[in-house]
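The values are calculated or read from the model by the stated rules, or taken from the named source; none is laboratory data. Treat the numbers as computed from the prediction; the structure is a model and nothing was measured. A quick note on method: Cβ atoms are made from the backbone with ideal geometry, for glycine too, and the neighbour counts reach across all protein chains shown.
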Amino acid sequence: MQTITSSKQAIQLEDQYGAHNYHPLPVVLTKGEGVFLWDVEGKRYYDFLSAYSAVNQGHCHPRIKDALIEQAGTLTLTSRAFYNDVLGPFEKYITEYFGFEKVLPMNTGAEGVETAIKIARKWGYERKGVDENRAKIIVAENNFHGRTTTIISFSNDANARKNFGPYTAGFIKIPYDDVDALKEALQDPEVVAFLVEPIQGEAGVYTPSEDFIRKSKAACEEKNVLFIADEIQTGIARTGSLLAVCGNCSCEGHCERQSTYTKPDMLILGKAISGGFYPVSAVLADRDVMDVIKPGQHGSTFGGNPLGTKVAMAALEVVRDEKLAQNARKLGQIFRDRMQKMVDKFPIAKLVRGKGLLNAVVINDSEDSSTAWDICVKLAENGLLAKPTHGNIIRFAPPLVMTEEQLHECCDIIERVIAEFK
Ligand SMILES: *Cc1c(COP(=O)(O)O)cnc(C)c1O
């Protein structure tokens, strides 16, 4: 393997040999620890993307690393043709952790979403009595649920869809955060599920009204329709509670505080479930839903393997033991307060929104302007990595292990850079 000695060289190699399916900021990273990343020239950065919220526990967390190394030298993959001695304990651990009866482990987030779609359809035919091949799933406009052919079929991002057809049928799109539109769509007796992100991360951290989740679930329940929460980005303490569907409860364990918790019929997790070490995703549901899947009807060679499940248990232990939800809640408030002051002062920053440590600042320029990109390049020069999402929106999502002092330092950097752009 060629040794990389400069950013320029690494970028050139990716340019020449890699598919151009991403447009990265011109920074080449070589090392991560906690809230920090280092580039090949030795410059240190605060990470404000956390690999799209996959490293909530911070980079290279020692406890997760130890779990990975130990299991890597013991047993990594058996396939599901046989039992192994880690999967059962993992299934018990994760179902108790999140308060569901059953789990189906996969690898990537998109696979988790595909799994939920398959379960919902099968449930619709076998439990709800929908005629074969007629099942419909309601989704929200501007959703992001992954990149497979079925999932992009119900995206409305032209870039994600164009020339990837023919598209999978059976999806109804409604505006996000619109319970009336949901109720209208639920009139169709062939609807089997409503699939939704409690906060739309990729779309630009669109945070719905306080009661959107609770009311949506109630409307679904009334029509015998499954409420599926895609918490791949919002879950695992990111938004200041264990799950975004926990509402205003910031305890780290699973609880069912009547006033705030909305239990989905299916919960999809990915990203931070393994703290950035190994792709793990999971669908959680109770028996009446999960039991529609029988042997041979769904699976994955790597899904539920000993290495991934050991890593996931360690990653979830870290979230609980280090009280990451509480920290995200406290720091998120400080971040939005400081950003609000900045927005009030500099017209180039239009507004700040979000929950916990999943936040975004909207830049006051057209969606196709390069202003947000230019700001992110300047932020990187000043030692902070963030990435625009959808043109003029910058998402700020640091690892949840950040300290208050570090956060203030980061707010100083952001303010200083924004001031240059006024
Ligand atoms: C990232 C993400 C996915 C897809 O996960 P992958 O691991 O990239 O396949 C799905 N849904 C949401 C909400 C996400 O943020």
If the requirement is being at positive phi, of a type in the set (S, T, N, Q) and out of contact with any Gly (no Cβ under 8 Å at 6 or more places or on another chain), which of these qualifies: Ser53, Ser79? Ser79
So for region 178-197 (the condition being under 24 Å from the mean Cα position of the chain (by Cα) and part of a loop (DSSP other than H, G, I, E, B)), does at least one residue qualify? yes
The number of residues in region 245-281 that are of a type in the set (Lys, Arg) and away from the ligand (no atom under 16 Å from the Cβ) is 2
With the first residue restricted to region 21-34 and required to be surrounded by 13 or more Cβ atoms within 10 Å (Cβ to Cβ), and the second required to be in a loop (DSSP other than H, G, I, E, B), Cβ contacts under 6 Å at 6 or more apart or on different chains are Val28/Val40; Thr30/Val40; Gly32/Cys60; Glu33/Cys60; Gly34/Gly58; Gly34/Val401
Tell me, which residue of region 136-177 that is outside any loop (DSSP other than H, G, I, E, B) and touching a Lys or Arg at 6+ places or on another chain (Cβ under 6 Å) is farthest from Phe212 (Cα to Cα)? Ile152
I need the full set of residues from region 151-186 which are within 26 Å of Glu132 (Cβ to Cβ) and touching a residue at least 24 places away in the same chain (Cβ under 8 Å), in order please. Ile151, Gly170, Phe171, Ile172, Lys173, Ile174, Leu182, Ala185, Leu186
Checklist (1) assigned to a helix (DSSP H, G or I); (2) within 13 Å of the ligand (Cβ to nearest atom); (3) of a type in the set (A, V, I, L, M) applied to Val289, failing item: (2)
In the set Arg80, Arg127, Arg134, which member is in the same structural domain as Cys220 (by TED's automatic domain parsing), within 19 Å of Pro264 (Cβ to Cβ), over 19 Å from the mean Cα position of the chain (by Cα) and away from the ligand (no atom under 16 Å from the Cβ)? Arg127
Read through the list (1) buried (at least 21 other Cβ atoms within 10 Å of the Cβ); (2) over 24 Å from Phe212 (Cα atoms), then give the number of the only condition that Glu132 fails. (1)
For Arg134, which of the numbered conditions (1) under 26 Å from Ala328 (Cβ atoms); (2) out of contact with any Ser or Thr (no Cβ under 8 Å at 6 or more places or on another chain) fails to hold? (1)
The lone exception for Ile236 - which of (1) closer than 20 Å to Ala325 by Cα; (2) surrounded by fewer than 23 Cβ atoms within 10 Å (Cβ to Cβ) it fails: (2)
Failed condition for Ile213, given (1) among the hydrophobic types (A, V, I, L, M, F, W, C); (2) within 14 Å of the ligand (Cβ to nearest atom); (3) closer than 17 Å to Gly354 by Cα; (4) without any contact (Cβ under 8 Å) to a residue 60 or more places away in the chain: (2)
Taking the options Leu195, Leu242, name whichever one is under 24 Å from Thr260 (Cβ atoms), touching a residue at least 40 places away in the same chain (Cβ under 8 Å) and within 14 Å of the ligand (Cβ to nearest atom). Leu195
Residue among Lys355, Lys341 that alone is farther than 23 Å from Tyr278 by Cβ, under 23 Å from the mean Cα position of the chain (by Cα) and not assigned by TED's automatic domain parsing to the domain that holds Pro208: Lys355
Scanning region 315-351 residue by residue, the ones that are within 21 Å of Glu91 (Cβ to Cβ) and touching a Leu at 6+ places or on another chain (Cβ under 8 Å) total 2
Residue hits (region 378-389; touching a residue at least 40 places away in the same chain (Cβ under 8 Å) and either over 25 Å from the mean Cα position of the chain (by Cα) or surrounded by fewer than 16 Cβ atoms within 10 Å (Cβ to Cβ) (or both)) are Lys378, Gly383
When (1) over 25 Å from Ala110 (Cβ atoms); (2) modelled with pLDDT under 95 are applied to His23, the one that fails is (1)
Scanning region 319-361 for residues that are hydrophobic (A, V, I, L, M, F, W, C), part of a helix (DSSP H, G or I) and surrounded by fewer than 16 Cβ atoms within 10 Å (Cβ to Cβ) gives Ile334
What do you reckon, is Ile117 buried (at least 21 other Cβ atoms within 10 Å of the Cβ), aliphatic (A, V, I, L, M) and out of contact with any Gly (no Cβ under 6 Å at 6 or more places or on another chain)? yes
